[in-house]
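Trainee: Here you go, one structure.
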Amino acid sequence: MSTSSLCAVANTNTKPLIFGSAKTSTSILASQIIMEAYRRIGIKVQIKLYPAARSLVLSSQGKLDGEVIRIFNLGKEHSSLLRVPTSFFSIKSRVFKVDKNIKVSTSADLANYKSGILHGVVYSEKLTRPYPHIKIQTVSQLFRMLLAGHQDIDLAIISEVSGAEVLANQFPNSAIIMDPLALTELPLYHYLHQSNQKILPIINHSISEMLKEGTIKNMIDH
């Protein structure tokens with residue numbers, strides 16, 4: 001299908017699409033990219049911020065039009081959500097800690113510690129599933145628990161972007177440090193609820209063009 005044909009299909013969609021996004025810096029940055037991709041094809045978009053788990057429930061039930069950004073395997077576990085094939089973002093998970101003696105070189109090292117993760121963030125839930133962990137709603141809460149020496153948490157596993165942003169803005173000069181080694185680096189994808197299947201090739205084309213032009217890189221760098 002040609003670009004003009006794709007846009008003609010897009011223009012039949014007059015109602016704004018509403019996408020769910022987690023309340024993290026990574027997701028908010030990805031939201032800006034997605035809004036630009038849809039603007040280029042003439043579709044209005046609204047972003048609703050939810051805790052990650054809540055957003056996923058609403059999207060999979062069709063109460064939202066999709067998810068701004070999620071990992072590859074999400075589509076295997078939630079058949080009502082369709083993955084847009086082109087990845088436009090990646091996420092690096094990092095260990096944040098206060099105790100400098102905590103050493104995590106591989107995921108297997110997590111067996112030695114109690115990890116704090118964000119509820120509903122699928123990649124960190126998978127990473128810590130075999131090991132001791134607790135789920136918390138926000139990055140700020142995780143950091144406060146680390147600083148208080150909470151008995152249920154030795155370290156926090158958070159995306160590099162979100163963790164660094166909260167650390168700089170809310171906990172400057174604190175004792176929290178970010179490990180230099182990324183535990184994982186995962187490509188991320190936009191997801192649509194199956195009711196919006198006709199839009200999938202259109203938005204995929206728009207995202208691909210933004211990647212080729214360097215627009216997405218510029219937005220991330222900025």
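The values are calculated or read from the model by the stated rules, or taken from the named source; none is laboratory data. Since this is a predicted model, take the numbers as computed values, not measurements. No Cβ is skipped: glycine too gets one built from the backbone with ideal geometry, and neighbour counts run over all protein chains shown. When the accessible area is computed, the model is the full protein with side chains, heavy atoms only, and any ligands, DNA or RNA have been set aside. Shrake-Rupley method; radii C 1.70, N 1.55, O 1.52, S 1.80 Å.
Trainee: Counting residues that are under 14 Å from Leu192 (Cα atoms), modelled with pLDDT of 90 or more and not basic (Lys, Arg), which strands (runs of 3 or more DSSP E) fully inside region 1-84 reach at least 3? Give the derivation first.
Mentor: Values: elements: 17-22, 45-50, 66-71, 81-83.
The qualifying strands (runs of 3 or more DSSP E) are 17-22, 45-50, 66-71.
Trainee: Would it be correct to say that Thr86 is over 26 Å from Ala175 (Cα atoms) and of a type in the set (Val, Ile, Thr)?
Mentor: Spelling it out, Thr86 is indeed over 26 Å from Ala175 (Cα atoms) and of a type in the set (Val, Ile, Thr).
Trainee: Shifting gears a bit: Does region 85-96 hold any residues that are modelled with pLDDT of 90 or more, over 17 Å from Ile203 (Cβ atoms) and open to solvent by less than 20 Å² (accessible area, probe 1.4 Å), and which are they?
Mentor: Applying the first criterion (modelled with pLDDT of 90 or more) to region 85-96 yields 85-88, 93-96.
Now restrict to residues that are over 17 Å from Ile203 (Cβ atoms): 93-96.
Those that are modelled with pLDDT of 90 or more, over 17 Å from Ile203 (Cβ atoms) and open to solvent by less than 20 Å² (accessible area, probe 1.4 Å): Ser93, Val95, Phe96.
Trainee: Would you please name the residue that is most open to solvent (accessible area, probe 1.4 Å), looking only at residues in region 149-177 that are of a type outside the set (Val, Ile, Thr) and touching a Phe, Trp or Tyr at 6+ places or on another chain (Cβ under 8 Å)?
Mentor: If we filter region 149-177 for residues that are of a type outside the set (Val, Ile, Thr), which is where we start, we get 149-152, 154-156, 159-160, 162-165, 167-175.
Adding the requirement that they be touching a Phe, Trp or Tyr at 6+ places or on another chain (Cβ under 8 Å) leaves 154-156, 163, 167, 170-171, 174.
Working: Asp154: 52, Leu155: 0, Ala156: 0, Gly163: 0, Leu167: 32, Gln170: 101, Phe171: 27, Ser174: 39 Å².
The extreme case among them is Gln170.
Trainee: Could you look through region 37-76, keep only residues that are under 22 Å from Leu118 (Cα atoms) and without any contact (Cβ under 8 Å) to a residue 40 or more places away in the chain, and pick out the one that is most open to solvent (accessible area, probe 1.4 Å)?
Mentor: Applying the first criterion (under 22 Å from Leu118 (Cα atoms)) to region 37-76 yields 47-61, 64, 66-76.
This time we only want the ones that are without any contact (Cβ under 8 Å) to a residue 40 or more places away in the chain, so: 47-50, 57-58, 61, 76.
Numbers: Ile47: 45, Lys48: 85, Leu49: 84, Tyr50: 61, Val57: 62, Leu58: 15, Gln61: 106, Lys76: 150 Å².
Checked region 37-76; the qualifying residue most open to solvent (accessible area, probe 1.4 Å) is Lys76.
Trainee: Within region 116-134, can you find the residues that are out of contact with any strand residue (DSSP E or B) (no Cβ under 6 Å at 6 or more places or on another chain) and not in a loop (DSSP other than H, G, I, E, B)?
Mentor: Answer for region 116-134, where residues must be out of contact with any strand residue (DSSP E or B) (no Cβ under 6 Å at 6 or more places or on another chain) and not in a loop (DSSP other than H, G, I, E, B): Leu118, Glu125, Lys126, Leu127.
Trainee: Please count how many residues of region 97-110 are closer than 11 Å to Asp154 by Cα and surrounded by 14 or more Cβ atoms within 10 Å (Cβ to Cβ).
Mentor: 4
Trainee: Shifting gears a bit: From the residues in region 111-130 that are without any contact (Cβ under 8 Å) to a residue 24 or more places away in the chain and farther than 25 Å from Ser59 by Cα, which one is least open to solvent (accessible area, probe 1.4 Å)?
Mentor: Ala111
Trainee: Same structure again: Going by the structure shown, is Ser105 outside any helix (DSSP H, G or I), closer than 16 Å to Thr24 by Cα and in contact (Cβ under 8 Å) with a residue 12 or more places away in the chain?
Mentor: Spelling it out, it is not the case that Ser105 is outside any helix (DSSP H, G or I), closer than 16 Å to Thr24 by Cα and in contact (Cβ under 8 Å) with a residue 12 or more places away in the chain.
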